[in-house]
Amino acid sequence: MVGKLITKDTILMEAIEKYPGIAVVLTGYGLHCVGCHFSNMDTIKSGAKIHGLSDEEIEFMLKDVNKIALESVKNKKLDE
């Protein structure tokens, strides 16, 4: 995916703070990260694995969160 902003190695809370809209997607995949004290240390992949997601599900989740992140970046540029 061109312009991938969030990877499996991104720290969960860093991604949520930068792109708050992804919290809904993460929750939909079973990662209730907002407010979890591990979200400051866990990567997207480690958090997903802890919650039982397969590698394939993690890839789908990454595509979904990156769609939101890219849209956020585009909207921010339009506002400038």
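Here, each number is a calculation from the coordinates, and none is a lab measurement. Computed from a predicted structure; not experimentally measured. Note that we place each Cβ from the backbone using ideal geometry, even for glycine, and neighbour counts take in every protein chain shown.
In the range 19-36 there is no residue that is surrounded by 16 or more Cβ atoms within 10 Å (Cβ to Cβ), farther than 18 Å from K67 by Cα and touching a residue at least 24 places away in the same chain (Cβ under 8 Å). The set of residues in the range 46-80 being of a type in the set (V, I, T) and within 18 Å of G30 (Cβ to Cβ) consists of I50, I58, V65, I68.
State whether the residues of the range 9-18 include one that is assigned to a loop (DSSP other than H, G, I, E, B), surrounded by 15 or more Cβ atoms within 10 Å (Cβ to Cβ) and either in contact with a Cys (Cβ under 7 Å, 6 or more places away or on another chain) or not charged (D, E, K, R) (or both). Yes; the residues of the range 9-18 include at least one that is assigned to a loop (DSSP other than H, G, I, E, B), surrounded by 15 or more Cβ atoms within 10 Å (Cβ to Cβ) and either in contact with a Cys (Cβ under 7 Å, 6 or more places away or on another chain) or not charged (D, E, K, R) (or both).
Among the residues of the range 39-59, what is the count of those that are in a helix (DSSP H, G or I), among the hydrophobic types (A, V, I, L, M, F, W, C) and either touching a Gly at 6+ places or on another chain (Cβ under 7 Å) or surrounded by 16 or more Cβ atoms within 10 Å (Cβ to Cβ) (or both)?
First, pick out the residues of the range 39-59 that are in a helix (DSSP H, G or I): 39-40, 44-50, 55-59.
Filter again for among the hydrophobic types (A, V, I, L, M, F, W, C), leaving 44, 48, 50, 58.
Checking which are either touching a Gly at 6+ places or on another chain (Cβ under 7 Å) or surrounded by 16 or more Cβ atoms within 10 Å (Cβ to Cβ) (or both) leaves us with 44, 48, 58.
Residues flagged as in a helix (DSSP H, G or I), among the hydrophobic types (A, V, I, L, M, F, W, C) and either touching a Gly at 6+ places or on another chain (Cβ under 7 Å) or surrounded by 16 or more Cβ atoms within 10 Å (Cβ to Cβ) (or both) within the range 39-59 amount to 3.
Taking the criterion of being touching a residue at least 60 places away in the same chain (Cβ under 8 Å) and either loosely packed, with under 15 Cβ neighbours inside 10 Å or of a type in the set (V, I, T) (or both), the residues of the range 60-80 that qualify are K63, V73.
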